[in-house]
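Report on the structure given below.
The values are calculated or read from the model by the stated rules, or taken from the named source; none is laboratory data. Because the structure is predicted, anything quoted here is derived from the model rather than measured. Every residue, glycine as well, gets a Cβ built from its backbone with ideal geometry; the counts of neighbours run over all protein chains shown.
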């Protein structure tokens, strides 16, 4: 037994555990439940609820020698204190004798439950938490059946307090455990809720505007040990025991959070199955037990009545619904006749199976296939990505994390959270961006460069690492030298690379520079080291891995002279209506889509695709973890999974493809693509014991987060990890064009106006209208005040937005949230003209 | 009457004038140590004096200081002037009438604790007093008793006043620290104790006003002199706040160990209207009441003797009740008080204080039954020893001792359950 391990006895079981471990955890590890309410294994103990009262006996020691004193039978003399103690705040030591289920301990626990019930309404029959509620379970266990407390004097308080429009508080049910307050403060650092008042009037209040303003607010409803906090989508929506649980992967960003889709047949939906709520599924390597509010609330799009349900073909200029057989025939004919110069364009939200079959089909028809994106880095991720054995949760003292050109909180909230926590554990965080982002709060060093200078900034760091004098000219902003030193000295270093302020050309240079920096500092080819691209879509990495890459030229040029266009999971005409003019009028267009997008309006054949809730498939996260999602509900209308539609067309055109199952497509991928050689659905379903154990019967500890019994996915190895040499290259920066006036830079907002977010009525109020962010100098020059309307012209189009002035934005730069229909994928030159208020608006 | 150590304003009425204070040996104690004695030597003197915390717990002051985590700076000294115990009004008189002795005591404490900053946490209702103290602190700074390099030595000191928002719980030292940090006044989990992680997570000494006011005379006259006053284990004098049915209520500074009889009859001139004494609450609302008897009256008021008699000396706010008092009314008042003051952080206190008050309300309204006494005792038992801080335990004391000694007072309001 090592000295860091201690031996103790709990309820007669002898066990070993690390010295100083909380008694509640030591017991849990040995499979002994200690009832808790305020304690949560992800947060510091506070000892407030007093539920975990236990008897603790400590061996007497000789004052001089420190040796145990022995009784006449040579057994250590154990001293039990006069009081019960809280297991959640007590750290274990050698030789303890603990009773969790003794008569005395149980009596104490029973008394606490009785106290809690004097205030609690016991409205379990109408409570959303009923069936998965720790207080309900303990009431059943300890409750005497008859209340000694005067029923008429029970607490009466507000039953519906909307902390925000997403989270509703029932003040009668709250047991003041502060888990929600502590989560917001300790875990996510959005301290927007607090206790107010005192004693029995102690109540949760929010003081943000809008209420409970946090991207992580939904997690508080999981860890709430009673039915006090509920999400407005699930409130009175169902009983937990009526729900089926399907494992899935969140489709909104490249983190790949493990989720559960709870489904039920719904009368209002004609008896069909619908998703009632989304909950986190534990994966300590990916999302622990948390998800962001976008993942939790933006799911209704998949069940939206606007979804395409039937194949369509264009007849006499109009789209008409038709049968699959007919639509497939028309599509095949069209491709035969017009497919001489075929372009296939796919989006990064499709699954690996879809993207693989897409590539196979277009290739089989001698067409060109591309990924509808501009950001570079997929290849480098294959070469020097994180690899097996990595876990952001392992980073801490001695390690470094670099985040460049990304507003991680908006782009990938759970990565933001895990990077923040790594920094709090002692990892040195370097945040490099052209503007302030919230992550800077936790950074050891902040590097602020001019918009567009991200590659040069990294090259400047490289200068300090290698001493390469040709890079001298790039070493010009504060923090480069110190950052270079931190990265060089770090045991492990992970670099998150985003696309903010980049165009396709500078994104390439940025990833090359980042790769060179990681290689020069020897942070490649080993676990917990390497690159993580912060993609704009969830499965962009999967697309790269399936062989799809962004266009070399501007998309407009790619569209010119095409005779046919095949679109899957992307909407180039919606993203930029100007593109319609680029594609020849007679080009034959096939679209596989969920919704009737502007691209569908241009289509000759439209195939309704299934969403992620209706089918299975795999996604590859930015960390290159391949994860499996399962079907949760029956398909919408006649929709089919993308990979299957492609295989059926292929069959008509003589391109042989796997058409039986998604798992079958993955088998083909495994044969065909080296990195995926070991990936099969069976292995993706593997599970591992995780700490802390949540879900299942231990709902006291994890709340309603699900345990992971359907697969934790597989982390792909990087080429560098497999011993392949990585040859860093970097390019000199081109001369910057001078005096081009104002540049408009697209930025990411978590709640964007994308097709997957807009149908969520819940998030609608949080999306807001896009504002043009402008610096003080430009605002002053144009005589603009906050909220004033401005007309912005770029690329021959004009748009109007209200302005928001931000002192942090330099002259000559304006920011606009990414949005459909704007045609603003990358930074570009623009003109600003203030809009004069009309006489009506002046208030006549 | 014995010598006055703390209430020197009774001998020298103008001692709240700095020049008068200086003329009467003021700041001699501080001058004797700054640059002349090491902080450890000061800690040793205070340990040797046997001075115990006057806030209520009676913990040896020098020992408390010696728990400060070594080599961690800055450190803070926080003065608990949240005097909120029902029947306690001693700290207020020190601060009003003999303020410089307290301020000198704070300086001595800071020197011993190697702290450069002290905060006086005043209860919210002391706003006028806080203003006066602010003026006195400014004056001390002008006159070179506060600020940088005091007496030309390597000792900097600033004292600040902070006024609370009116919560009894903020007299509990960790809740006080939370409040001082601008947070909701709720006790912290211990350990870590303030000596390790106190104000702003730095090593902190928290001492009561009266405790620190004892320091200047201990330094100038020595530990042995101090030990010669009071009892062996409870040395020095204590200010007893005497109230209730008493002919001459007020603060009385007497040696620890002085009997209840001497305080009540010799100093307080006994019970008015020729009534008989019925019970004593020796520590405000926070400790069991003592039924008056010859034996109790002859009990010495020191930490050990009162404890042996079945209660606590606490802050020595002695509330005397004569034969006209209905003890169930007293229990009603104390449960009402604690229900109002419970911070709500831990379950047994939050719910238990409400429950006890709820039952006492029914009893007071004539709706109580004999079963209620058993309920009260069992609720109290469910609270005691299970709370996060001592307030929970306190809340049961007057009630359960009242039922134990004066059940007939309760019975008079009760009926059989129908």
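Looking at (1) assigned to a helix (DSSP H, G or I); (2) under 35 Å from the mean Cα position of the chain (by Cα); (3) away from every other protein chain (no Cβ under 14 Å), which one does residue A:141 not meet, given that it meets all the others?
If we test residue A:141 against (1) assigned to a helix (DSSP H, G or I); (2) under 35 Å from the mean Cα position of the chain (by Cα); (3) away from every other protein chain (no Cβ under 14 Å), just (2) comes out false.
Kindly indicate whether residue B:94 is under 21 Å from residue B:151 (Cα atoms) and assigned by TED's automatic domain parsing to the domain that holds residue B:182.
Working: under 21 Å from residue B:151 (Cα atoms): no; assigned by TED's automatic domain parsing to the domain that holds residue B:182: yes.
Considered against the rule, which asks whether it is under 21 Å from residue B:151 (Cα atoms) and assigned by TED's automatic domain parsing to the domain that holds residue B:182, residue B:94 comes out as no.
Could we say that residue B:417 is touching a strand residue (DSSP E or B) at 6+ places or on another chain (Cβ under 7 Å), within 11 Å of chain A (Cβ to nearest Cβ) and over 19 Å from residue B:280 (Cβ atoms) here?
no
Can you name the strands (runs of 3 or more DSSP E) wholly within the stretch A:767-824 that have at least 2 residues being in the same structural domain as residue A:501 (by TED's automatic domain parsing), more than 18 Å from residue A:574 (Cβ to Cβ) and free of Cβ contacts under 8 Å to residues at least 60 places away in the same chain?
none
Go through the stretch B:370-409 and count every residue that is surrounded by 19 or more Cβ atoms within 10 Å (Cβ to Cβ), in a loop (DSSP other than H, G, I, E, B) and more than 11 Å from chain A (Cβ to nearest Cβ).
The number of residues fulfilling the criteria is 1.
Consider residue B:367 against the criteria (1) modelled with pLDDT of 95 or more; (2) more than 7 Å from every other protein chain (Cβ to nearest Cβ): it satisfies all of them except one. Which criterion is unmet?
So residue B:367 meets the others, but not (1).
Which of the strands (runs of 3 or more DSSP E) found entirely inside the stretch A:186-286 contain at least 1 residues meeting this: within 22 Å of residue A:690 (Cβ to Cβ) and away from every other protein chain (no Cβ under 14 Å)?
Strands (runs of 3 or more DSSP E) meeting the threshold: A:244-249, A:258-266, A:272-280.
Only one of A:531, A:548, A:518 is assigned to a helix (DSSP H, G or I) and crowded, with 24+ Cβ neighbours inside 10 Å. Can you tell me which?
A:518
Do we find that residue B:387 is more than 22 Å from the chain's Cα centre (by Cα) and either closer than 22 Å to residue A:175 by Cα or at pLDDT below 95 (or both) in this structure?
Answer is no for this residue.
Applying the selection to the stretch B:325-363, what residues are in a loop (DSSP other than H, G, I, E, B), over 30 Å from residue B:302 (Cβ atoms) and more than 14 Å from chain A (Cβ to nearest Cβ)?
B:326
Looking at the stretch A:83-95, can you tell me whether even one residue there is within 13 Å of another protein chain (Cβ to nearest Cβ) and on the phi > 0 side of the Ramachandran plot?
No; the residues of the stretch A:83-95 include none that is within 13 Å of another protein chain (Cβ to nearest Cβ) and on the phi > 0 side of the Ramachandran plot.
Name the single residue, out of those in the stretch A:110-138 being over 24 Å from residue A:240 (Cβ atoms) and without any contact (Cβ under 8 Å) to a residue 60 or more places away in the chain, that is farthest from the other protein chains (Cβ to nearest Cβ).
A:110
Of everything in the stretch A:668-695 that's assigned to a loop (DSSP other than H, G, I, E, B) and out of contact with any helix residue (DSSP H, G or I) (no Cβ under 9 Å at 6 or more places or on another chain), which residue is nearest to residue A:644 (Cα to Cα)?
Going through the qualifying residues, I end up with A:685.
Could you check residue A:110 against (1) surrounded by fewer than 21 Cβ atoms within 10 Å (Cβ to Cβ); (2) in contact with a helix residue (DSSP H, G or I) (Cβ under 7 Å, 6 or more places away or on another chain); (3) farther than 23 Å from residue B:348 by Cα and say which number it fails?
All conditions are met except number (3).
Within the bounds of the stretch B:12-19, is there any residue that is under 23 Å from the mean Cα position of the chain (by Cα), closer than 25 Å to residue B:201 by Cα, surrounded by 17 or more Cβ atoms within 10 Å (Cβ to Cβ) and outside the structural domain of residue B:315 (by TED's automatic domain parsing)?
No, the stretch B:12-19 contains no residue that is under 23 Å from the mean Cα position of the chain (by Cα), closer than 25 Å to residue B:201 by Cα, surrounded by 17 or more Cβ atoms within 10 Å (Cβ to Cβ) and outside the structural domain of residue B:315 (by TED's automatic domain parsing).
Which members of the stretch A:734-793 meet the condition of being on the phi > 0 side of the Ramachandran plot and at pLDDT 90 or above?
Answer for the stretch A:734-793, where residues must be on the phi > 0 side of the Ramachandran plot and at pLDDT 90 or above: A:783, A:787.
With the requirement that a residue be within 14 Å of another protein chain (Cβ to nearest Cβ) and surrounded by 21 or more Cβ atoms within 10 Å (Cβ to Cβ), what does the stretch A:25-46 give you?
A:35, A:36, A:37, A:38, A:39, A:45, A:46
Test residue A:50 against the stated conditions and say whether it is in contact with a helix residue (DSSP H, G or I) (Cβ under 7 Å, 6 or more places away or on another chain), within 14 Å of chain B (Cβ to nearest Cβ) and at pLDDT 95 or above.
So residue A:50 passes the test.
Looking for something assigned to a helix (DSSP H, G or I), away from every other protein chain (no Cβ under 14 Å) and more than 19 Å from residue A:700 (Cβ to Cβ) - is there at least one such residue anywhere in the stretch A:175-184?
The answer is yes; a qualifying residue exists.
Looking at the structure I just gave you, is residue A:201 free of Cβ contacts under 8 Å to residues at least 60 places away in the same chain, over 30 Å from residue A:407 (Cβ atoms) and not assigned by TED's automatic domain parsing to the domain that holds residue A:702?
So residue A:201 fits the description; yes.
Of everything in the stretch A:379-408, what is crowded, with 21+ Cβ neighbours inside 10 Å and under 23 Å from residue A:501 (Cα atoms)? Give them in sequence order.
Matches in the stretch A:379-408: A:380, A:381, A:385, A:401, A:402, A:403, A:404, A:405, A:406, A:407, A:408.
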